[in-house]
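A.B. asks: What follows is a structure written as structure tokens; I'll ask about it next.
The values are calculated or read from the model by the stated rules, or taken from the named source; none is laboratory data. Note that the structure is a prediction, hence the values are computed from the model and not measured. All Cβ positions, glycine included, derive from the backbone under ideal geometry; neighbour counts span all protein chains shown.
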Ligand code: PBG
């Protein structure tokens, strides 16, 4: 027998409002809420970014608690095995290049025996069905810390850079990469890379373009992790202190549509927005402007902010992280690159 619920003492007696529509009816129970839930997270949509270095031990990254530069032979394989056990089967690999291999023109980026190429091969040999994404840009290999080559007057060279990006992409495809991801924001690089890959027979290797990549302060911890921040210049060689010459102005919206139209025409398979959380309007705009899949990168600074707030006890980590990932997906992201991929996948398993 159901007991009638009690009202708190002092509840005013009022006539019911005459409402045809009461939205709360559709939120009235956990079952109903689950039935009407529009956005459901799944680890199948996550891409886990990993940092690797050319040594054995894993080295924690101070500005990214919980993330390490993984030893490419052991730590990397263990971490990816753990990720796969939670349902995360896509990774993007970022190599930390030792200083002595960096140069002004960054030839190391297409060394067939480079750290990135070795790591990609080892991953594909160990886990043939793992989807391996690569980063294409010169910054981890460039003494000046820019995604492109820097002329003495501070101009970032576009077409010369694209020439090397193509060599880098082809070397990664030779190593076994599934998806090439240019993050450099040079003009024309998607088309040029597509042509270079096809010319070498890699018609099945996909391109995920960083289509709308903003000149963001949120990349700080990543640049610590790879020691890849722009270096100070001097009288003789001016080095721009930020990447505003090629990454997009955070104040701009319409430019993202221009970049998207170009990348689609140049043959991109997936278009990315980066960062994610502060750029949800951009994710939605790209989603509505194309039929290509959209990815979004919850970048290092977004990760570290959430970690710091959780460590201070200001936020519940699990709830805040899952909400951030739901919001990115709701905005239109089909794929999400996130350093929380493995933690989030575990939380989803527990749910
Ligand atoms: C390099 C690159 C960057 C990131 C991904 N690829 C840094 C930058 O553009 O300076 C940032 C990722 C992150 O912050 O998590 N081209």
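A.B. asks: Assuming residue 282 fulfils every condition listed in (1) over 17 Å from residue 339 (Cβ atoms); (2) buried (at least 20 other Cβ atoms within 10 Å of the Cβ); (3) within 13 Å of the ligand (Cβ to nearest atom) apart from one, which condition is it?
C.D. replies: All conditions pass for residue 282, except number (3).
A.B. asks: Only one of 12, 8, 43 is under 30 Å from residue 228 (Cα atoms) and modelled with pLDDT of 95 or more; which?
C.D. replies: Answer to the check: 43.
A.B. asks: If residue 263 satisfies every condition in (1) surrounded by 21 or more Cβ atoms within 10 Å (Cβ to Cβ); (2) modelled with pLDDT under 95 but one, which is the exception?
C.D. replies: (2)
A.B. asks: Further question on the same structure: Of everything in region 220-260 that's assigned to a helix (DSSP H, G or I) and surrounded by fewer than 18 Cβ atoms within 10 Å (Cβ to Cβ), which residue is nearest to the ligand (Cβ to nearest atom)?
C.D. replies: 223
A.B. asks: A further question on this structure: Is at least one residue of region 100-109 crowded, with 17+ Cβ neighbours inside 10 Å, without any contact (Cβ under 8 Å) to a residue 40 or more places away in the chain and not in a strand (DSSP E or B)?
C.D. replies: Within region 100-109, one or more residues are crowded, with 17+ Cβ neighbours inside 10 Å, without any contact (Cβ under 8 Å) to a residue 40 or more places away in the chain and not in a strand (DSSP E or B).
A.B. asks: Collect the residues in region 49-67 that are crowded, with 17+ Cβ neighbours inside 10 Å and more than 19 Å from residue 126 (Cβ to Cβ), keeping them in residue-number order.
C.D. replies: Once the filter is applied, which keeps residues that are crowded, with 17+ Cβ neighbours inside 10 Å and more than 19 Å from residue 126 (Cβ to Cβ), region 49-67 yields 61, 63, 64, 67.
A.B. asks: Among the listed residues 180, 193, which satisfies the condition of being in contact with a strand residue (DSSP E or B) (Cβ under 9 Å, 6 or more places away or on another chain) and in a strand (DSSP E or B)?
C.D. replies: Step by step, each of 180, 193 is checked, and only 180 is in contact with a strand residue (DSSP E or B) (Cβ under 9 Å, 6 or more places away or on another chain) and in a strand (DSSP E or B).
A.B. asks: Still on this structure, I have one more. Can you pull out the residues in region 285-318 that are part of a helix (DSSP H, G or I), away from the ligand (no atom under 13 Å from the Cβ) and in contact with a strand residue (DSSP E or B) (Cβ under 8 Å, 6 or more places away or on another chain)?
C.D. replies: Of everything in region 285-318, those that are part of a helix (DSSP H, G or I), away from the ligand (no atom under 13 Å from the Cβ) and in contact with a strand residue (DSSP E or B) (Cβ under 8 Å, 6 or more places away or on another chain) turn out to be 286, 287.
A.B. asks: Sticking with this structure for a sec: Would you please list the contacts, defined by Cβ atoms under 7 Å and residues six or more apart or on different chains, that run from a residue in region 222-246 that is closer than 12 Å to residue 142 by Cβ to a residue that is within 12 Å of the ligand (Cβ to nearest atom) and outside any loop (DSSP other than H, G, I, E, B)?
C.D. replies: These pairs meet every condition: 226/51; 226/94; 226/140; 228/139; 228/140; 229/223.
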